[in-house]
Amino acid sequence: MNETMVCAVGRVATQPVYREMASGPSARFRLAVTARYLDREKNTWTDGHTNFFTVWANRQLATNTAASLTVGEPVIVQGRLKVRTDVREGQSWTSADIEAVAIGHDLAWGTSAFRRAGKPDTASSPTQPEPNWETPPESSPEPAGAQTQRAPKAAVLT
């Protein structure tokens, strides 16, 4: 199936709304994307038309979105564009939604500190030993009678 993937750069226009749904967490917010152009007559940058998109995030992206974004922050959103037309009270309405695949702060405007989200409790899963990743030293002549200890070979898991 062909999908229209877009990358939108703009600012968070509304506080993200987080909901626990039957299918998993969901969050949505409005994204304002304003075109800027150089007005050659005035030799200044000028704001053009502003487009608004409703951004939808699901599962872990929804949880992280709700915890990370606030109104006014510059963001970059990548996702699938969905354009819908509805008739409400006799008027035709068109809306553009983005089903987000990735959302991040726009670092051209400031800094951001990344923190990994907490992982679910994995106490019930069996732990496996860490494999020995070190490269064995090159063969060198050993003095007579010297005892050396070598790391045991890692077991191959199938």
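Nothing in this text is a laboratory measurement; each read-out follows from the coordinates by a stated rule. A quick note: this is a predicted structure, and the numbers were derived from the prediction, not measured. Using ideal geometry, Cβ is built from the backbone for each residue, glycine included, and neighbour counts are taken over all protein chains shown.
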Point to revise | Computed E for R40/A108 - FRET, C-beta separation, R0 35 angstrom, nearest 0.05 | key: 0.90
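Considering only DSSP beta bridges whose two residues both sit in segment 33-117, what percent are antiparallel, to the nearest 5? Before the final figure, lay out each step's value.
On the way: 20 of 23 bridges.
If we restrict to bridges inside segment 33-117, about 85 percent are antiparallel.
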Review point. Points 7 angstrom from Cα along the Cβ direction at V33 and F52: gap in nanometres?
Key: 1.6 nm
Study note, to complete from the structure: The answer for D106, listing residues at least 5 apart or on another chain whose modeled amide H is closer than 5 Å to its amide H, is V75, I76
Revision key, fill the gap. Of the residues L61, Y37, Q15, the Cα lying farthest along the dipole of segment 1-72 towards its positive end, which is defined by charges on the beta carbon of Lys, Arg, Asp and Glu, belongs to Q15
Practice item. Consider a paramagnetic label point 7 Å from the Cα of I76 along Cα→Cβ; state which residues of segment 91-106 have an amide N under 14 Å from it. Key: 101-106
